[in-house]
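Step one of this worksheet: look at the structure below.
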Amino acid sequence: MTNSPNTDLFNRFLKDFWPKHRTQLYKDLYNTYHPSAYVESFNRPGGNFEDALETVADAVHEGKKLGLLDSSVDWSDTINYDALDLESDADFPHPGIDDNGIPTLNNQLEIIDNANLDWIHGILLFDVYEDIVEEFKHYCGENGIDESGMGKCMGEFPPDARGEMINGTLKQDYYTLYNFMKELERAGVNVKGYMKSPIFPNVIKLVDDGSTDYDTTGEYSPMRQDDEAIDTEKVYKSFGIEPDRIEEQEEPTTPEEEPIQSIFQKTLKDMGVQFQFVGTFGFGISGMFGMVKDVLEGRYPSLSEGEIILIFLSGLSYLSINLVKDLKEVKQEIEKRGLKEYVNKAVELLKDFENISLKVVEKAGYTISSLAELLGYTFLLVPILDVTNRLIAENGFDVVSLASYLKGVIISVGIFYIRNLFNSLVLRLRDNREKKQIYGDKYEVDDNAEDEMIEEGKFIGKVLTNRFIKSTILTESRIGELSLLDDSINKKSLKWIVTEENKINWLNLSISKSIEKFNNNKKLFTSTNIKEITTKFKNKDLHNLNNYESLIELNQITNKLTKKSKLHEEVYMGKIAEKATTNVVRDVFEVVTLFEGGEDYFLLPDYYTDQDGDEYRYGELQFNVEVNIIENKQEENFVIDSLMGGENDDTIYLDIVLSDNFNEKDYESLQIVLSEYIRHEIEHILQIIDSERPDIIDKDDTMSPFDYYSQEHEIDAQKVGFERRAKMEDKSMEEVIKDYLGYRQSIDNLSDTEKQELIGKLTN
């Protein structure tokens, strides 16, 4: 393959970041196909599969942010949005391959329409599909098991939204993905090397009952017509299977998630030591543990993982990084197990790693005083750990030899005629820093350097102004100012800038603002993103101003890409909000079931975590929920009201009034209404976070209900709440909106005209 992926980086992703997502993906797919998921809840197969795709997309998104993966599919595009729809755009149809010429899979999975996968998403998804098929190939639900293990009952699950059976969806999707993997192999992708499952490249053979596009071996054979359908009973007997099914087997259980943090917790719990979660626990801690574990095992293979954890945590404490509440207990355990010598080696290694790290960041122009402080700068720590782990892998370093090597290399860092990985790293980090300083969000440049640049600009300006001799607009001084906007090597773009300045003075445009916007959004200028809006830039440098015909074209492309990026960000935060809603509704529902009458108050998530001031945290999205439950005699079995507010606009206030007649039969309706209200209020919190979104205006007594509902921020929040409700009730948005406004019309004194106008605004 001409453009093969970086195997080392991909494997790093698989080792350090994929496991937690893989566990979640297993659960999502299990719930997608297992009938109990629909008997015991209000979910639909397609909805659960959307969760599965989101889990894969989130994992790839995380890998892309860390520079470990290079995917052509954005996290918001795995579930259609017409982004990769083969027929969505006649002018720019998707070719069925990504930018590197690797095949993609679009709109071919039966479980959901328009799922879009490139090779990365496809491999990760298929890897877990193999586990799911292995789990289900013996499963026959209430009717027992399939002793043959050839999935003779797979045509019976999952049920569709009406409770009817879908024929062969799991089997069909498994074979579709399997054939996609074979296609990737033919394109040169090392599919097997990126999988945890040991089955591939073999196929799990499943009964061919005519319900899929594939035969038993996974070979493509278009689905038969009804009159050509195979006698399933005959097929079973040909495999020596009697149609009568034996008693039901025990339901498979889903695996438990066990990230590094939980491994630490479990190990220390077994030893009677209390683990202390700290904000610094993340990639830095897990990355350094992986390094220490590898080198300790290289020298002392007899050490258990539990002992290595003790050694590592004890070593960190010498560097003022404490992950346990009582270090005395750890030290006692170290003494008891005779591990002190190993701790000394780990401390020596960590100290040398700290020294080399501080030397690298110092030479790159950053001011950091300790390894503990460096943990907060992931963009610096990631590449340093990557280089160190590369050295371990390439040289077979153990804890002694790596420490010795790091001591020896410290002196050479910054002396660039000595070639080594750390010096190359310094140059990269320094280059990134300088670009960020000059062309980042804030335009900052040293005064002296600016003077020098202006002088350089004046000199270049003299040359260029001769070419615009008739111009009375451009001056040497102005050209000097424009030179500050040019970040190209040897000011190669300055001529283009000067030319456009001469033109745009007649158009009342600001070239300074345009180029500043261009520089700040260069990360968006990728071949994939550009391809969606223009075909002009094939085999051209997207970051070179000289490749743009004019400032107007530059503005058009920049604005489109910025708008697209903003939309993707909003879609991503919307998905985060959906996950948050699910968690909050679950917690609120739980306290409702515990309510014993009278009046009760709950602060969430404090009630469950026993931590005062705790919050629901999803990146930037952070909030808590105050729930007030009251028992009251009323006609309706329950009434809900909600409000977003608080000192920092980060509290959702939820009032729930329950009648004497409220019982388990109301649980489904309560869950649906709760989901709508909570999602609505979370959207208001997202509006507060995003300064570019509409301002929230508090309702006052002079504002009519119609005027209040018509505000932009309220329309947005109502839409996402109704959308979630429509999905849960399996109704259209319009049906849900009409039902709600029909209910509120008399309460809020809405006229028929106002009601229809609101329906129009909410359905638009």
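Bear in mind these aren't lab numbers, they're just calculated from the coordinates by the rules spelled out. Since this is a predicted model, take the numbers as computed values, not measurements. Counting neighbours? That spans all protein chains shown, and the Cβs are built from the backbone with ideal geometry, glycine included.
The figures follow:
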read-out	value
Convex hull volume per residue in cubic angstrom - Cα atoms of the range 626-764	127 Å³
Stokes-Einstein translational diffusion, the range 521-681 - Kirkwood Rh over all Cα pairs, 1.306 mPa s, 10 °C, in µm²/s	83 µm²/s
Principal axis box of the range 307-424, alpha-carbon based, largest edge first, Å	49, 29, 20
Footprinting exposure proxy for F706, F126 (fewest neighbouring C-beta atoms within 10 Å first)	F706, F126
Cα shape, the range 694-764, gyration tensor, a/c 1.5 rule	oblate
Charge-dipole axis of the range 694-764 as Lys and Arg at +1 and Asp and Glu at -1 on Cβ define it, positive-most pick from F722, Y709, P694	F722
Within the range 543-664: Cβ-based charge dipole about Cα centre, in debye rounded to nearest 20 (Lys, Arg +1; Asp, Glu -1)	1180 debye
Of K15/K182; K171/K192; K523/K563; K513/K540; K522/K566; K492/K564, pairs whose Cα-Cα distance is over 19 Å	K15/K182; K171/K192; K513/K540; K492/K564
Ascending count of other beta-carbon atoms within 10 Å, so fewest first, for H34, H138	H138, H34
Separation in nanometres of the label points that stand 7 Å from Cα toward Cβ, at R744 and T378	3.8 nm
